[in-house]
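Working notes for the structure below.
The values are calculated or read from the model by the stated rules, or taken from the named source; none is laboratory data. What you see is a predicted model, and the numbers here were worked out from it, not measured in a lab. We place every Cβ from the backbone using ideal geometry, glycine too, and count neighbours over all the protein chains shown. With ligands, DNA and RNA removed, areas are computed over all heavy atoms of the protein, side chains included. Shrake-Rupley method; radii C 1.70, N 1.55, O 1.52, S 1.80 Å.
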Amino acid sequence: MTTTQRDRDLGTAYAMKPPHTRTELTSVVRGTPMGELLRRYWHPVGLTSDATDTPKKVRALGEDLILFRDKHGRVGLLHARCCHRGTTLYYGKVEEDGIRCCYHGWKFDTEGHCLEQPCEPDGGQFKDKVRQPWYPVDERYGLIFAYMGPAEKRPVLPAYECLETMDDGEFVEADDSSIGGGGPAVIPCNWLQHFENVVDPYHVPVLHGSFSGPQFTNMMASMPEVKFDKTPRGIAVRSIRKQDDGKVFYRVTEAVLPTLRVVPNPRVAQFARVESIGWTLPIDDTSFRIYVAGRVKNSGDIGRMRSKFNGKFWWDMTEAEHQQFPGDYEAQVGQGPQTIHSEEHFGQSDRGILMMRRMLTEQLDTMAADRDPIGVSFDASAPAVEFEAGNYIRDSSSLS
Amino acid sequence: MTTTQRDRDLGTAYAMKPPHTRTELTSVVRGTPMGELLRRYWHPVGLTSDATDTPKKVRALGEDLILFRDKHGRVGLLHARCCHRGTTLYYGKVEEDGIRCCYHGWKFDTEGHCLEQPCEPDGGQFKDKVRQPWYPVDERYGLIFAYMGPAEKRPVLPAYECLETMDDGEFVEADDSSIGGGGPAVIPCNWLQHFENVVDPYHVPVLHGSFSGPQFTNMMASMPEVKFDKTPRGIAVRSIRKQDDGKVFYRVTEAVLPTLRVVPNPRVAQFARVESIGWTLPIDDTSFRIYVAGRVKNSGDIGRMRSKFNGKFWWDMTEAEHQQFPGDYEAQVGQGPQTIHSEEHFGQSDRGILMMRRMLTEQLDTMAADRDPIGVSFDASAPAVEFEAGNYIRDSSSLS
Amino acid sequence: MTTTQRDRDLGTAYAMKPPHTRTELTSVVRGTPMGELLRRYWHPVGLTSDATDTPKKVRALGEDLILFRDKHGRVGLLHARCCHRGTTLYYGKVEEDGIRCCYHGWKFDTEGHCLEQPCEPDGGQFKDKVRQPWYPVDERYGLIFAYMGPAEKRPVLPAYECLETMDDGEFVEADDSSIGGGGPAVIPCNWLQHFENVVDPYHVPVLHGSFSGPQFTNMMASMPEVKFDKTPRGIAVRSIRKQDDGKVFYRVTEAVLPTLRVVPNPRVAQFARVESIGWTLPIDDTSFRIYVAGRVKNSGDIGRMRSKFNGKFWWDMTEAEHQQFPGDYEAQVGQGPQTIHSEEHFGQSDRGILMMRRMLTEQLDTMAADRDPIGVSFDASAPAVEFEAGNYIRDSSSLS
């Protein structure tokens, strides 16, 4: 086939070029550029309460893992397939000091050391020669974080001021239901389609405003004036909206590499610093979920941040209602399992997206040059990370 | 592995050669030989009533499209993915002069012109530089036709005498339930398996006669004498069956390229010219549907042409009944998602199939030589196409 | 990506090598090494009662076939796609001397000869020139066996002493519900994962003992002393377990190439020679089923050998119960659709598995050298094959 100038002038779909996805930015698989970049950071893989004496399946960055907690309270995150004959440890039994495979009873501790091989002479004379593949984990803010990258590059698990310093009566609560995703807990599209949304404040008055009725607060429904800036960890999005009383609603959202949503409550319950962090966990190349930890005054407050559409939860809506009242889920899953970058056309309002893609590309270059990507720290004594993110009321309207 | 002469003599399945499908005849994808041939003709993609202010998903020739009608009554058929960031326009809102994407509110008219970019300064100063991929459409006979090919090769949308000239009390009615397909509206096999069936009159007394009981009329249940001839648009199948009274039942069926079934009512309600046309729309390489437009005297007559098996509609039959009373659906879907041409063996009675494949191959050669395929017309003043197809009673039995 | 020595020392999953499956041992497709080895033997493809005048779908070694019995009682096993136009013979009608395709009525006998072509002049003058691909079958022990290999290599269908010589009141009964598979009739993983389990006596006291509670008998729950030996047909596994009364429980299990489980009743109902044979039929590369024939005294005895878990049949268990009481199904399907051989680590107790893989590899070499693989016989007068397999009580404990 050949297309002519007239086809291109008419702009019919017949004149479209072959589709292309920038998989170097989207794929999370070990050994790919983005897969390796993501593996230089800690990622949440479960709630603290997910690690029990019943093995739990975890899928993260395209890898199948098993999460458990031994009777000493230690959390283990092991490759799902037993290093003996490959049976999944999902059917294993958790014991005092490890997990035992159902097939031949090899037992592993939370760091993959093989403790017993009951079918072997003397309980396994060579058991030190095998090791169940595992990942280091740590618990913080009600979440279990895993580090899935190279040992020599393992950074400190960051602490965040917004989750360390409580206001009166506050405590930290965690949630795994993909608050902020606009739909169910597991969302069937590439993680970057969601993460880019964090640096896209312009969609708010459209998708969450005029389109489906104000999904957040009326204060958010007007088109903001926006400034995007690089931070030492990612991108800050500073929006101002002039209010009727002459004051200015000043809102700062941060996207922190590799996957953090530092987004103040869009329902603007209070004018204050950001109260929660969302981690966009890539499950694999075509699905993700969001873990959230936030300061609350009442148990369940995080869950109550969930959007409703036409007065209903997402899962209670009919197909016709999804079509009539689309939200983030519809907009992002509607881009397909992995969006087609070759078909995009950007405007001024997309400069946050472009800045994010450039920043991610720069990190890939940084990695290729054997340097550490943005925001990782190896200093265990570093202070907690402080964000600018929040909803504020100001008298002046300058965005400097 | 090597097979021996003895294997071949015995004819066991062990001696079978590797399977091969002639995808140059079956694949409907843009850029493939048949995909390009199909794109030189207009195809129905919906009923007139499918184009409303609620966007509707259409899949045709392997492409995902969105059909709608603006408030001025103009029909739009746009590439499903918004040219801005790729969100499907299925979640768009139809307005007076176009459709607006849910994500950032870009609005497009029915020819893909971008009318608004509400998140851009001044509503989008550069909006003329983008265009949503679209296809030209036209409405006729209760159907919406689309032209998905190169602009310079766009033919006239044909008119057909059998749908233009009414007998007393007749009007034209359209149907999208795949009348003639013998099953549900979407049929999970390649379109050519169905289209070849049109030039295969011999299966009628077997599949629709002795096998499942006469599915049509007893008059159709006897083996006909058949002559196949090329027409200026495809192939005419002329069958005669001698009747007990000495007269001759003369039936002409036409297959018109690229996908038209011009098949007189197989229940032979009357002896007359053909009353309907069926368009076999390839949805993609492994599914198709049929749109029909026909002259009727009562609303719903087209739907009443639907076959029953053992007194039941297809969807009410048990699996055992499908096995016992197979029809066109079972015979064609039973050939697999795309049939394996290397395993076929032809007889005299397959000469219609062979003629069709030669004709299609000739069209591919014609295209390769940069000439126009059979039956396309660029003359807007040409008279309506007249078919020979029909059921007739004759005194003489010659097929000349 | 590059992994460092520290990664390897730590043994994290980040240091894992790319996964590899030895498909030369697992794939059953015609033309592959194992596919060809499997095709040198007879395989059961149905119960005798499966062959009736209603065509039945059979999938074996990755091939889709149709099983039927003509009115003379002859069993036919034909390639599913009609050699005329490729419609499945599943919709065919069984007649006195063959099966007739629904589409154009070609009729084939049980050896694929074309008997009628009703749409052809004179009923098909050239019908001798086509042949429906077929496979030779034979009936024995309530099962239908097929030979799917090269004609010149077709061995005698073996007779087995354990199914030929009855004890008082015994008769042979067949079963197709995958007795021994620990789950449903069709098991979604590669056949070799199951077949290797036959030469793995060590898993018994773990998986079927301590793990899910004794699934068989207490006598089987202790760790045995085991010796593996090659036989003229495969591998014998000889286990002894010393009993409290000073006697010795001596159990011999045989794995007979290519797929036979010659396993005495694990519930040890009696001390005697083996009472049944199980054939592991590879359906395709990622699923299998088991046909069993055995000597019983009461109809249904074979079915009553089925394991229960926590007092329930497999299909009545909840997901939580499957996790808590895993059996062979969970252990083997838990290895994945096809296990990843590159991730395995063997111990002393795996020497049966290693012996089996070496033996299979030797057979592939034997085939490559144009010699016949182990256990095939072309001598129709050979005596029935006698197994050593059984549960026995002995006074002495030597395993010689």
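Taking the label point 7 Å along Cα→Cβ, residue C:52 and its counterparts in the other copies are spaced 4.7, 4.7 nm apart, in ascending order. For residue A:313, inter-copy separations between label points set 7 Å beyond Cα along the Cβ vector come to 3.6, 3.6 nm, shortest first.
On the beta carbon distance between residue C:129 and residue C:95, with R0 = 25 Å, the FRET formula returns roughly 0.70. Accessible surface calculations at 1.4 Å, restricted to protein heavy atoms, place the range A:44-138 at 35 Å² per residue.
Rg then Dmax, both in Å and based on the Cα atoms of chain A: 23.3, 82. Evaluate the distance, in nm, between pseudo-label points positioned 7 Å from the Cα of residue B:1 and of residue B:371 along their respective Cα→Cβ axes. Each label point lies 7 Å from its Cα, and together they span 4.5 nm. Heavy-atom surface analysis with a 1.4 Å probe gives the protein assembly as shown a carbon and sulfur content of 49 percent of its accessible area.
Where Rh is the Kirkwood radius over the Cα pairs of the protein assembly as shown, the temperature 10 °C and the viscosity 1.306 mPa s, what D in µm²/s does Stokes-Einstein return?
Details: Rh = 34.8 Å.
Using the Kirkwood radius from Cα pairs, D works out to 46 µm²/s.
Treat each spin label as a single point 7 Å out from the Cα along the C-beta direction, and report the residue A:229 to residue A:138 distance in nm. So the two model labels end up 2.9 nm from each other.
For the range A:298-363, the alpha carbon convex hull comes to 180 Å³ per residue, rounded to a whole number. The same position residue C:156 in the other copies lies at 8.0, 8.0 nm from this copy, comparing label points 7 Å beyond Cα toward the beta-carbon, shortest first.
Taken as Cα centroids, the range A:23-91 and the range B:337-372 sit 53 Å apart, rounded to the nearest whole angstrom. When the other protein chains are added to the chain by itself, burial of at least 40 square angstrom of heavy-atom accessible area (probe 1.4 Å, ligands and nucleic acids ignored) affects these residues of the range B:184-214: B:206, B:211. May I ask you to derive the FRET efficiency for residue C:164 and residue A:64 from their Cβ-Cβ distance with R0 = 56 Å, giving the value to the nearest 0.05? Efficiency computed from Cβ-Cβ geometry: 0.75. Across the alpha-carbon atoms of the range C:331-400, the computed radius of gyration and Dmax are 17.8, 46 angstrom.
Please tell me the relative contact order of chain C in percent, rounded to the nearest whole number, where contacts are Cα pairs under 8 Å and at least six residues apart. Don't jump to the answer; show the numbers that get you there.
Working: 847 pairs, mean separation 79.9, N = 400.
RCO, chain C: 20 percent.
Once the gyration tensor of the Cα atoms in the range C:94-219 is diagonalised, the equivalent ellipsoid follows with semi-axes of 45, 19, 15 Å, ordered largest first.
Need one number: buried accessible surface between chains A and C, 1.4 Å probe, both sides summed, DNA, RNA and ligands left out, in Å² to 100.
Values: alone 18880 and 18860 Å², together 34060 Å².
Heavy-atom accessible area buried at this interface is about 3700 Å².
Antiparallel beta bridges, as assigned by DSSP with both residues in the protein assembly as shown, represent about 95 percent of the total such bridges.
Probe radius 1.4 Å, ligands and nucleic acids left out: which of C:279, C:42, A:315 has the largest accessible area, and how do the rest follow?
Working: C:279 5, C:42 25, A:315 130 Å².
Accessible-area ranking of C:279, C:42, A:315, largest first: A:315, C:42, C:279.
If you stretched the chain out fully between residue B:344 and residue B:185, how much longer would it get, using 0.36 nm times the residue separation minus the C-alpha to C-alpha distance?
Values: separation 159, 0.36 × 159 = 57.24 nm, distance 2.76 nm.
My answer for the length gained is 54.5 nm.
When all protein chains stay in place and ligands, DNA and RNA are ignored, the 1.4 Å accessible-area order of B:290, C:374, largest first, is C:374, B:290. Only protein heavy atoms count here; on that basis, with a 1.4 Å probe, residue B:20 has an accessible area of about 100 Å². Measuring with a 1.4 angstrom probe and ignoring ligands and nucleic acids, residue B:38 comes out at about 0 Å² accessible. Projected onto their three principal axes, the Cα atoms of the range A:44-138 cover extents of 39, 28, 20 Å, largest first. Once you reduce the range C:102-181 and the range B:234-255 to the center of their Cα atoms, the two points are 42 Å from each other. Proximity of backbone amide H atoms, modeled 1.01 Å from N, is registered between residue B:156 and B:377, B:378, B:379 at under 5 Å, excluding neighbours fewer than 5 places apart on the same chain. Of B:101, B:75, B:41, which is farthest towards the positive pole of the range B:28-119's charge dipole, taken about the Cα centre with +1 and -1 on the beta-carbons of Lys, Arg and Asp, Glu respectively? Ranked along the dipole, the leading option is B:41.
Measuring against 21 Å, Cα to Cα, the residue pairs C:227/C:247; A:227/B:129; A:93/A:127; A:107/C:247; B:57/B:297 contain A:227/B:129; A:107/C:247; B:57/B:297 as the ones spanning a longer distance.
A Förster radius of 30 Å combined with the Cβ-Cβ distance from residue B:122 to residue B:71 puts the calculated FRET efficiency at roughly 0.75.
Calculated [222 nm] ellipticity per residue, helices only, for the protein assembly as shown: -3500 deg cm²/dmol; basis is -39500 (n - 2.57) per DSSP H run with n ≥ 4, divided by all residues, nearest 500. For chain C, the cysteines with no partner cysteine C-beta closer than 4.7 Å are C:83, C:102, C:114, C:119, C:162, C:189.
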